[in-house]
1. Any residue in the range 90-103 that is more than 30 Å from GLU165 (Cβ to Cβ), small (Gly, Ala, Ser), within 15 Å of ligand 1 (Cβ to nearest atom) and under 23 Å from the mean Cα position of the chain (by Cα)?
2. Just a yes or no: is a residue in the range 244-256 at pLDDT below 95, in contact with a helix residue (DSSP H, G or I) (Cβ under 6 Å, 6 or more places away or on another chain) and within 11 Å of ligand 1 (Cβ to nearest atom)?
3. Restricting to the range 70-88, and then to whatever is more than 21 Å from LEU297 (Cα to Cα) and touching a Phe, Trp or Tyr at 6+ places or on another chain (Cβ under 9 Å), can you tell me which residue is farthest from ligand 1 (Cβ to nearest atom)?
4. How do the pairs read when you match residues in the range 280-307 that are among the basic types (Lys, Arg) with residues anywhere that are part of a helix (DSSP H, G or I), using Cβ under 7 Å and keeping only pairs 6 or more apart or on different chains?
5. Quick one: count up the residues across the range 162-192 that are among the hydrophobic types (A, V, I, L, M, F, W, C), more than 18 Å from GLY244 (Cα to Cα) and more than 19 Å from the chain's Cα centre (by Cα).
6. Kindly establish whether SER280 is crowded, with 22+ Cβ neighbours inside 10 Å, of a type in the set (Gly, Ala, Ser) and assigned to a loop (DSSP other than H, G, I, E, B).
7. Could you say whether any residue in the range 199-207 is in contact with a Lys or Arg (Cβ under 6 Å, 6 or more places away or on another chain) and either surrounded by 14 or more Cβ atoms within 10 Å (Cβ to Cβ) or in a loop (DSSP other than H, G, I, E, B) (or both)?
Amino acid sequence: MEKQIVLLPGDGIGSEVIQSARQVLDAITERFNHTFTYHTHDIGGVAIDQQGTPLPQDTVRACEQADAVLLGAVGGPKWDNNPSHLRPEKGLLGIRKSLGLFANLRPIKGFPQLLHSSPLKHEVVDGSDLLIVRELTGGLYFGKPSERSHDGNSVVDTLAYERHEIERIVDNAFKSAQLRRKHLTSVDKANVLESSKLWREVVEEKKADYPDVTVEHQLVDAAAMKLITAPTDFDVIVTENMFGDILSDEASVLTGSLGMLPSASLRDDGVGLYEPVHGSAPDIAGKGVANPLAMILSTAMMLRHSFHLEKEANIVEEAVQQVLQDGYHTGDLDVKNGQLVGTKEMTRRVLEHV
Ligand code: ATP
Ligand code: MG
């Protein structure tokens, strides 16, 4: 298989972990005889420093021509006082927008070796393995009007969705469920919100196209509670933009470490941007101690969702699991009796299993 991949290392530990991702992909291409071609471009703070903008035109053009994009991280204290158009985060929001990525996928998996890192009881989080599919381009964050009155005492935000926007994210979630345990929980507030009523209607209509997937509806308040009392009840959750924003941060505490969480932002032709959930971690940047596993797991998502290489994706995920099982861990992971390693050594251990 031949694919064009754009690498956007970005800032801080982004460039360190993206090297790990590249090495893992090299091992996969060698083993399976794929040809992946890489194009590296600037984004975020480095792009501001080098080219005076967080999102240079050549970066946008390269991403538009790519089959998939891997992003490290953007941001850091160096640019915190910049005017808003020169903020590194603008680069990330901009690239998501110009690629039209409407589906944000965040898998959350509780690795047995990392149960100590979770603030929740072991018996509750043990075995949790869920995927949150969040709508990324509509809803309350983008609805117009969103404004304040002249006297400053009255405000309005708008939660707007078009049927087609709901259909495409729901389709994506059903397809994701088919690759997993085939259970979909649609989260809404249909007892109150008109947008949620349409959301629920669409899910009910789409059900017929995916007869192998079981469907359940939950109100967002109940879902928020169940996520921490019974996380193992979930397989795939699909929800609108703001609910997804809140629930995915809530769910991320199940695993106990930011350094383990991958994410994907997709559109329906399979093009996607893959990045770790964590940021640029300026406090540890350049020290060679960053956990590369979130970035490596993001490449597994790329293999699965953009290239449909399910077997290769599984191999990468199993390699990560194996390394944890062997007791190797970076400083961010709370592991008893294991061996503490840095970014390069951790990556080497993963490569051994790929
Ligand atoms: P951003 O605004 O870019 O999301 P942030 O300050 O919210 O940044 P991170 O940059 O992710 O969050 O860092 C939060 C904390 O987690 C820091 O102490 C950082 O060192 C740690 N951390 C984040 N990612 C990793 C990683 N891959 N390996 C080790 N530690 C990490
Ligand atoms: Mg953050």
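The values are calculated or read from the model by the stated rules, or taken from the named source; none is laboratory data. Keep in mind that what you see is a predicted model, and the values were worked out from it rather than measured. Here Cβ is always computed from backbone atoms with ideal geometry, including for glycine, and neighbour counts include all displayed protein chains.
1. Scanning the range 90-103, I find no residue that is more than 30 Å from GLU165 (Cβ to Cβ), small (Gly, Ala, Ser), within 15 Å of ligand 1 (Cβ to nearest atom) and under 23 Å from the mean Cα position of the chain (by Cα), so the answer is no.
2. no
3. Going residue by residue through the range 70-88, those that are more than 21 Å from LEU297 (Cα to Cα) are 75-88.
Then keep just the ones that are touching a Phe, Trp or Tyr at 6+ places or on another chain (Cβ under 9 Å); that gives 86-88.
On the way: LEU86: 16, ARG87: 11, PRO88: 8 Å.
This residue is LEU86.
4. ARG304/GLU310; ARG304/ALA313
5. Pass one, the range 162-192, residues among the hydrophobic types (A, V, I, L, M, F, W, C): 166, 169-170, 173-174, 177, 179, 184, 187, 190, 192.
Imposing the further condition that a residue be more than 18 Å from GLY244 (Cα to Cα) reduces the set to 179.
After this cut, where a residue has to be more than 19 Å from the chain's Cα centre (by Cα) as well, the list is none.
Residues meeting the conditions: 0.
6. So SER280 passes the test.
7. Keep residues of the range 199-207 that are in contact with a Lys or Arg (Cβ under 6 Å, 6 or more places away or on another chain), which gives none.
The answer is no, given that none of the residues of the range 199-207 is in contact with a Lys or Arg (Cβ under 6 Å, 6 or more places away or on another chain) and either surrounded by 14 or more Cβ atoms within 10 Å (Cβ to Cβ) or in a loop (DSSP other than H, G, I, E, B) (or both).
Each row is one residue, and each column tells you yes or no for (1) surrounded by fewer than 22 Cβ atoms within 10 Å (Cβ to Cβ); (2) under 20 Å from ALA281 (Cα atoms); (3) among the hydroxyl-bearing types (Ser, Thr, Tyr).
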position	(1), (2), (3)
GLY14	no, yes, no
PHE32	yes, no, no
THR40	yes, no, yes
GLY52	yes, no, no
